[in-house]
Amino acid sequence: MSRRWLLLYVVLYMALLYAPIALLPIFAFNDGQVIAFPLQGFSTRWFEGLWTNRTLHSALWNSLVVAVISSVLAVVLGICAARASARYAFRGQGAVMGMIMVPLVLPEIIVGVSVLIVVNTVLGLPLGLWAVIAAHVLICTPFAVAVLSGAFQSLDPAMEEAARDLGETPWGAFRTVTLPLVAPGIVASLLICFTISLDEFIIAFFLTGASPTLPVYIWGLLRFPADLPIVMALGTLLVLASIVLLTMAEIFRRRGAARAGRKDSGGFL
Amino acid sequence: MSLIDLSGVQKWYGEYHALRGIDLQIAAGEFFSLLGPSGCGKTTLLRTIAGFEGIDAGTLRIDGLDMRGVTPDRRPTNMVFQSYAIFPHLTVAQNVAYGLRRTADGREEKARRVGEALEMVGLGGYGGRRPHELSGGQRQRVALARALVLRPKVLLLDEPLSALDRKMRETMQSELRRLQRQVGITFILVTHDQEEALIMSDRVAVMFEGAIAQVASPQALYSRPADRRVADFLGAMNFLPAEVRDGRVEIAGLGACEVEPEQVIGAGGMAEAGMRPEAMTMLDVQPGEGLREAAGTIADRAYYGDMTYYMVELPGVPGHVTVSMKNRPGSAVLDVGAPARIGWDPRAVLLFPA
């Protein structure tokens, strides 16, 4: 009896999580402009529309540029902060690490407005993708630090010392021993930051200026219901891409864990 | 000239005085141990020699050269870490070859040296293995090969055997001795295990609270400890109140005797007598000649197979003294509560200032 209820609970839980996403491909292949049941028949014309829509291409390109640059910058900053907090004890360590983590809970609208004021009023510069990148680094860094701190804390400090003892320079020891050992953490944090930046809307909306990122472009499309099925098609492709990306990352992580002989502890999937 | 020369070395961690003026000379080719309880500064001293810790006062010379400001990669020392610190992302051979990356040797010469080093520690043919496929003892050997392949002047070992089980530890103890004789390199071993230090070393430095209490050979350390702490830390020692009266020593519970000057440790004054458990005998088990006799009661007994330890209460002495007896075929084991006749040799008495 209780097992049946438990099963029902699990089914409902999964439905609630994934039904909205399942709708994406259904309407992406639906031969009708209105997003509503009953379905009108199979069509791939929305995907063809995707292929020819130049503004959408530039929005996607903008988003990719922003996501790649800001995730790399956030992860580099994260590596520095995580290593410093794991390896050294310094005055004000707790306070500094706390300050780095605060943007995690800062409402994005506050970040968006603040950066807008700084760029526009204080610095007097034009808005643009660079401002979005700056703000995305700000919100991504704490996520990178959170993931990387685990990786650095579980690293035996004697590893780097052994490399030094065997004749390596500090940078050589870091490059040949520390970096390979925290690589799974670096890949994980890159993925998380990339995803956060790619679908971030509020900050991008404030700062993007004349060249919109993908979420801002999609938001603009909502005013033209005729283009809505194109968004469904795009969404389908994005879901597919993220599944492929996460699977690849997981394979990479498991291979790394197996090679180092670590117990598989679940990873980020 | 000694290979390693420390003079007046001091180290502070904030308010904590970790090394309080260390003077120490270690000769080339010596197997030297730093022995002491945890927190005595022995690991700090080892890390100072390796170059991982700077020193706040004093000088450290290795092979005549002042090591001030010399980083670990430029010192003629290599270290075997307590955790072994084997690089998990490299194979055994790559681990051993790691230190050769910056040497001028050609590829073949490097491979030859790696093979030689692995052969030396008994891991020939293991080069392609991954570290996680190895047992604890094998990882230990990889760490040794990785350090020895660089032919350092000094090999530093930080509690290298503490993670191994008893059997493996005994094997590695004799293995390390053999290796040290074979390569002729100075070994400095940090350990808290007094037995290990006695078994393996040419000389031992006993450390307490950031200072060296005594440097001596294992035999000298055991038979003539420099003070009460050293006597207590190495092996077991019975301490009994004693008083010097008219040139004779009156030991509580045992009786009076005369002692030679070399049995007196440190400056005189009110004294305490120390006797090792094996310097006394239970006369009902094993009679001895020329021994003084004392009477007591057996309070407890611990049977170890090869040895039996008797805890004996002596009249007028708080606590008990421990007497160890070798179990020979047919020798009696005495019962708890029975009266005990103890035989003791005045020549085995050591006198400590109270």
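Please find, within segment B:85-112, the residue that is nearest to B:H192 (Cα to Cα) out of those that are more than 12 Å from every other protein chain (Cβ to nearest Cβ) and crowded, with 19+ Cβ neighbours inside 10 Å. Here the residue is B:V92.
Going by what's in this entry, would B:L60 be described as more than 14 Å from chain A (Cβ to nearest Cβ) and in contact with a helix residue (DSSP H, G or I) (Cβ under 6 Å, 6 or more places away or on another chain)?
no
When restricted to residues that are more than 14 Å from every other protein chain (Cβ to nearest Cβ) and in contact (Cβ under 8 Å) with a residue 60 or more places away in the chain, segment A:135-162 contains 14. Taking the criterion of being touching a Gly at 6+ places or on another chain (Cβ under 6 Å), of a type in the set (G, A, S) and modelled with pLDDT of 90 or more, no residue of segment A:190-221 qualifies. Within segment B:246-257, residues that are free of Cβ contacts under 8 Å to residues at least 60 places away in the same chain have Cβ atoms under 7 Å from residues that are of a type in the set (D, E, K, R) and in a strand (DSSP E or B) in these pairs: B:E250/B:E243; B:G255/B:R292; B:A256/B:R248; B:A256/B:E250, counting only partners at least 6 apart in sequence or on another chain. Once segment B:69-79 is narrowed to residues that are touching a residue at least 60 places away in the same chain (Cβ under 8 Å) and at the interface with another protein chain (Cβ under 8 Å from one of its Cβ atoms), the residue that is nearest to the chain's Cα centre (by Cα) is B:M79. Screening segment A:165-191 for residues that are closer than 16 Å to A:L77 by Cβ and within 12 Å of chain B (Cβ to nearest Cβ) and picking the one that is nearest to the chain's Cα centre (by Cα) gives A:V182.
Considering A:G185, A:G209, A:G167, A:G235, the condition of being among the small types (G, A, S), buried (at least 17 other Cβ atoms within 10 Å of the Cβ) and part of a loop (DSSP other than H, G, I, E, B) is satisfied by A:G167 alone.
The condition of being in contact with a Lys or Arg (Cβ under 9 Å, 6 or more places away or on another chain) and either under 30 Å from B:K11 (Cα atoms) or buried (at least 18 other Cβ atoms within 10 Å of the Cβ) (or both) holds for only one of B:V80, B:V70, that being B:V80. Quick one: what pairs do we get from segment B:101-119, first residue free of Cβ contacts under 8 Å to residues at least 40 places away in the same chain, second aliphatic (A, V, I, L, M) and part of a loop (DSSP other than H, G, I, E, B), C-beta under 6 Å, 6+ apart or different chains? Note: pairs meeting the criteria are B:R113/B:V149; B:A117/B:V149.
Here is a check on your reading of the model: is B:V249 at pLDDT below 90 and not in a loop (DSSP other than H, G, I, E, B)? Spelling it out, B:V249 is indeed at pLDDT below 90 and not in a loop (DSSP other than H, G, I, E, B). Checking each residue in segment B:264-305 for being surrounded by 15 or more Cβ atoms within 10 Å (Cβ to Cβ), out of contact with any Gly (no Cβ under 9 Å at 6 or more places or on another chain) and at pLDDT below 85 picks out B:V264, B:A271.
Residue selection: B:V285 fails the criterion of being assigned to a strand (DSSP E or B) and free of Cβ contacts under 8 Å to residues at least 60 places away in the same chain. Among the residues of segment B:6-53, count how many are in a loop (DSSP other than H, G, I, E, B), in contact with a helix residue (DSSP H, G or I) (Cβ under 8 Å, 6 or more places away or on another chain) and within 14 Å of chain A (Cβ to nearest Cβ). Counting residues in segment B:6-53 that are in a loop (DSSP other than H, G, I, E, B), in contact with a helix residue (DSSP H, G or I) (Cβ under 8 Å, 6 or more places away or on another chain) and within 14 Å of chain A (Cβ to nearest Cβ) gives 3.
Out of curiosity, is B:V142 without any contact (Cβ under 8 Å) to a residue 60 or more places away in the chain and more than 11 Å from every other protein chain (Cβ to nearest Cβ)?
Spelling it out, B:V142 is indeed without any contact (Cβ under 8 Å) to a residue 60 or more places away in the chain and more than 11 Å from every other protein chain (Cβ to nearest Cβ).
Condition check for B:Q82 on (1) within 10 Å of chain A (Cβ to nearest Cβ); (2) under 18 Å from A:E168 (Cβ atoms): one failure, at (2).
The values are calculated or read from the model by the stated rules, or taken from the named source; none is laboratory data. The structure presented is a predicted model; accordingly, all values stated were derived computationally and were not measured. Ideal geometry is used to build each Cβ from the backbone, glycine not excepted, and the neighbour counts take in all protein chains shown.
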